[in-house]
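**Q** Here's a structure for you.
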Amino acid sequence: MRRGKKKTPGFTLIEVVVAMAILSIGLVVIIELFGGGLRLGAVSGEYTKAAGYARIKLEEITLAKTLVEGVQEGEFDKDFRWLVEVKRVDLLPPGNETTYRPPVALYRVRIDVRWKSGLKDRVASLESYRSLKEEESGQTT
């Protein structure tokens with residue numbers, strides 16, 4: 001038998017460097033995923049708040065006695081702005097002349113809530129329809 005140095009158990013320097021490189025890449029990926037999750041959570045909260053504001057504005061319009069076609073703008077707070085577009089929808093098909101007048105007027109109501117999130121401008125939209133009796137609609141045809 002040959003006499004020589006016994007091999008001591010342990011890791012070589014290259015094995016340690018490779019293990020540290022793999023560990024550092026994994027940690028960077030995990031930290032990026034965590035940061036991305038926090039950003040998505042914040043944006044989700046902003047959309048939820050915007051949807052709540054849009055619903056409040058829609059309820060205001062629903063409770064109004066009359067509707068007038070047009071566009072209105074305003075602010076909820078320093079961050080969130082609203083834009084409401086009301087447009088009358090014809091119930092009768094176009095091109096058919098008739099003397100019949102529907103007993104109700106149908107309106108399309110679109111609400112856009114806008115805000116700035118970081119460097120991006122974001123918008124949440126809500127659309128609904130409302131019918132009013134012809135004498136309540138605020139317009140006569």
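**Q** Can you work out the Karplus-derived ³J(HN,Hα) for every residue in segment 31-44? Use 6.51 cos²θ - 1.76 cosθ + 1.60 with θ = phi - 60°, whole Hz, and x for glycine or proline.
**A** Those phi angles translate into 5, 5, 5, 5, x, x, x, 5, 5, 5, x, 5, 5, 4 Hz.
**Q** Trypsin sites (Lys or Arg not before Pro) within segment 1-109: which are DSSP loop residues with at most 13 other Cβ atoms inside 10 Å?
**A** Loop-located and lightly packed - Arg2, Arg3, Lys5, Lys6, Lys7, Lys65, Lys78.
**Q** Along the charge dipole of the chain, pointing to its positive end and built from +1/-1 on Cβ of Lys, Arg, Asp and Glu, which listed residue (Asn96, Ile30, Tyr107) has its Cα farthest out?
**A** Farthest towards the positive end: Ile30.
**Q** Using +1 on the beta carbon of Lys and Arg, -1 on that of Asp and Glu, and nothing else charged, what's the dipole of segment 13-136 about the Cα centre, debye to 20?
**A** Here the size comes out at about 80 debye.
**Q** Quickly work out the Thr48-to-Lys116 label distance, labels modelled 7 Å from Cα along the C-beta direction, and quote it in nm with one decimal.
**A** Taking the simple label geometry, Lys116 and Thr48 are separated by 2.5 nm.
**Q** Okay, next question. Rounded to the nearest 0.05, what FRET efficiency is calculated for Tyr129 and Glu97 with R0 set to 22 Å and r the Cβ-Cβ distance?
**A** For Tyr129 and Glu97, the calculated efficiency is 0.30.
**Q** Counting pairs of alpha carbon atoms under 8 Å apart in space and at least six apart in sequence, what relative contact order in percent does the chain give?
**A** Reported as a whole number, the value is 20 percent.
**Q** Additional query: Could you pull out the pairs from Lys87/Lys133; Lys57/Lys133; Lys87/Lys120; Lys87/Lys116; Lys57/Lys87 whose alpha carbons sit more than 19 Å apart here?
**A** Checking Cα-Cα distances, Lys57/Lys133; Lys87/Lys120; Lys87/Lys116 exceed 19 Å.
**Q** So, one more: Sorting check: for 112-124, 14-26, which peptide has the highest mean count of neighbouring beta carbons within 10 Å, and how do the rest follow?
**A** My ranking of the peptides, most packed first, is 112-124, 14-26.
**Q** Let me ask another. Applying the Karplus parametrisation 6.51 cos²θ - 1.76 cosθ + 1.60 with θ = phi - 60° to the phi angles of segment 81-97, what ³J(HN,Hα) value in whole Hz is obtained for each residue in order, glycine and proline being reported as x?
**A** Rounded to whole hertz, the list is 10, 10, 9, 10, 10, 10, 9, 6, 10, 6, 7, 8, x, x, x, 9, 6.
**Q** Ok, one more. Could you calculate the FRET efficiency of Asp90 with Leu38 from 1/(1 + (r/R0)^6), where r is the beta carbon distance between them and R0 is 30 Å, rounded to 0.05?
**A** The computed FRET efficiency comes out at 0.05.
**Q** Cα-based Rg (one decimal) and Dmax (whole number) for the chain, in Å?
**A** For the chain, the Cα-based Rg and Dmax read 31.6, 117 Å.
Quick note: the coordinates plus some simple rules give every number you see, no bench work behind them. Because the structure is a prediction, the values reported are computed rather than measured. Quick reminder, even Gly has a Cβ in these numbers, built from the backbone with ideal geometry, and neighbours come from all protein chains shown.
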